[in-house]
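In what follows, a structure is listed as structure tokens, so that the remarks can point back to it.
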Amino acid sequence: MQFTRSKYKRLIIKHIQGETTPEEQKLAEAWISSSPANGRLYKTYQGLLLLTDKDKVSYNTDKAWENLQARIHSNQGSAAKPVKTAYRRLLPYYSVAGIAAMLLIAFGLFSILQKEVVVKQFTTTSNISAPLSLPDGSSVILNRNSFIKYPDHFTGNLREISIFGEAFFEVSPDREMPFLIHASGLDIKVVGTSFNVEAKAGSDFVKVTVNTGKVLVYPTGTPSGKIESSGLILSAGEIATYSPESGKILRGVNDDLNILSWKTGILTFRESRLDDVLKALENKYETRFVVKNREVLNQRLTARFENDSLEDVMETISLIYNVSYEIKGKIVILH
């Protein structure tokens with residue numbers, strides 16, 4: 001074992017002054033006994049340091065090292081006599097205060113590192129949430145009847161959370177600590193991007209739609225060595241549909257102009273079949289349509305609705321297609 005200045009200088013000075021931890025003491029003793037040359041060099045350093053006036057001894061190990069090297073060079077060829085003075089007597093009085101200060105700092109750091117993680121839960125019912133700020137500065141907006149679980153502070157090498165329902169994320173970039181979302185059997189791993197996750201209770205699918213950046217999706221529990229082969233990397237404008245039953249993930253291009261209508265409040269239709277229009281309305285307003293005249297479903301609609309109520313939208317449709325409707329709770333009947 002070769003003695004290197006950067007690795008052992010502080011350790012040897014601390015060992016000579018009797019200030020090493022048990023682990024450091026073992027490391028120092030292993031180095032000393034690894035070769036006769038190391039043993040002789042250690043005794044030389046030991047003798048020179050112990051002969052130094054204790055009032056001039058400093059806990060600055062870099063300076064102590066330089067002093068030792070200077071004295072060795074000035075005494076080359078002369079052997080230092082072993083000194084049997086107890087280490088305890090040579091410990092500078094003020095180093096005790098320094099050790100106490102270091103112990104306090106170490107205790108403080110230990111307390112911070114060992115701070116218990118508290119898992120928080122945020123839930124929505126009938127209203128869409130305002131942007132929720134996560135501990136890392138990322139933000140999330142929850143759709144109705146959704147909830148998210150997240151820690152009060154992130155630890156380790158991942159920022160992990162769980163989502164149930166639907167939510168839109170804007171993740172703060174951090175390549176050293178990726179963001180990982182667990183969503184009903186599907187994991188979504190990102191560094192910094194924005195995307196929508198739909199994992200509603202009772203649904204047969206989990207959907208991830210990327211707005212900006214890239215995300216990696218793969219089934220929960222996939223071994224780390226198989227994530228790349230089992231998952232998909234999605235870019236902006238792409239959508240992944242995952243079936244928990246089959247375990248398969250399908251990639252597609254998002255052509256749904258209203259995928260974020262629940263968040264933006266805007267519905268846009270461009271020559272859309274009325275059948276597709278009603279599906280978009282069902283999703284946004286959490287309602288169900290019963291259509292008595294099925295022929296009307298083939299009609300086309302080009303329109304834009306911005307923060308309109310369901311009744312306002314239905315009034316427009318009834319005027320365009322000369323149909324009547326009635327709203328009964330969560331059901332809309334189209335005659």
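All of the numbers you see were taken from the coordinates with simple rules; none came from a lab. Quick caveat, the model's predicted, so the values are computed rather than measured. Every residue, glycine among them, receives a Cβ derived from its backbone with ideal geometry; neighbour counts consider all protein chains shown.
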Inter-site label distance for residue 180 and residue 130 at 7 Å from Cα along Cβ, in nm: 3.2 nm
For segment 119-253: relative contact order, % (alpha-carbon pairs under 8 angstrom, 6 or more apart): 16 percent
Contour minus end-to-end for residue 256 and residue 155, with contour as 0.36 nm per residue of separation and end-to-end as the Cα-Cα distance? 32.7 nm
Output the pairs from 120/263; 207/330; 263/292; 284/330; 200/284 with a Cα-Cα distance over 21 Å in this structure; if there are none, say none. 120/263; 207/330; 263/292
Please work out how much length the chain gains when fully extended from residue 145 to residue 27, using 0.36 nm per residue of separation minus the C-alpha to C-alpha distance, in nm with one decimal. 36.6 nm
Going by the alpha-carbon gyration tensor, a ≥ b ≥ c the square roots of its eigenvalues, is segment 261-334 rounded (a/c under 1.5) or, if a/c is not under 1.5, prolate (a/b greater than b/c) versus oblate? oblate
Label-point separation (nm) for residue 321 and residue 229, each offset 7 Å from Cα along Cα-to-Cβ? 5.0 nm
